[in-house]
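The structure appears right after this line, and notes come after that.
What follows is calculated from the coordinates using simple rules that are stated; it is not laboratory data. What you see is a predicted model; the values in this text were computed from it and never measured. Cβ placement follows ideal geometry from the backbone for every residue including glycine, while neighbour counts extend to all protein chains displayed.
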């Protein structure tokens, strides 16, 4: 049996000892979706999975859950010009109502980031950063979707809207550091 690895999340990117080209992406304070659109001719959100699943130990505490319970989960791959650049995982406690996160269940292949940054009721928490090994549960999901990967850098953030909370974790793939601004990108749905 493979051992599960918890990440060591830090509130400062310096804990990762990341190269400058990685730090730029990790610390982006605005919408990551908007940045990726500006760095591609064709931006696409490819939904991999959206269903109920057990919350990971890594997420349980930040989501303020007293024990391991089911949450609504969504995994997507963000692609720029056909190249995967980010694997994103979202968890929403089942206690959240439709009025807390009205569009979450029907996003399909639309960007969650566009929804979060376009809603004045959404409050964004502090970014946290980690280096994820192949033993981490999210890396296992990523590998099942995209194949073997090296240890990768990630960030996560807790969002609040009304009485609901939502956790987004973004794992940055090596191709992201090759992106350069291109201007008027399009979104493929």
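Annotations for the structure displayed:
- Mean Cα-pair separation over length for segment 13-179, i.e. relative contact order, pairs under 8 Å, 6 or more apart, %: 25 percent
- Rounded FRET efficiency, nearest 0.05, which uses the C-beta distance separating residue 83 from residue 51 and R0 of 30 Å: 0.70
- If the segment from residue 98 to residue 110 were pulled out straight at 0.36 nm per residue, it would be longer than the present Cα-Cα gap by 2.6 nm.
- Restricting attention to the chain, close to 95% of DSSP beta bridges with both partner residues there are antiparallel.
- Helix-only arithmetic for the chain: the sum of -39500 (n - 2.57) across DSSP H runs with n ≥ 4, divided by the residue total, places the mean residue ellipticity at 222 nm at -4500 deg cm²/dmol.
- Extension gain, residue 143 to residue 160: 0.36 nm times the residue separation minus the Cα-Cα distance gives 3.2 nm.
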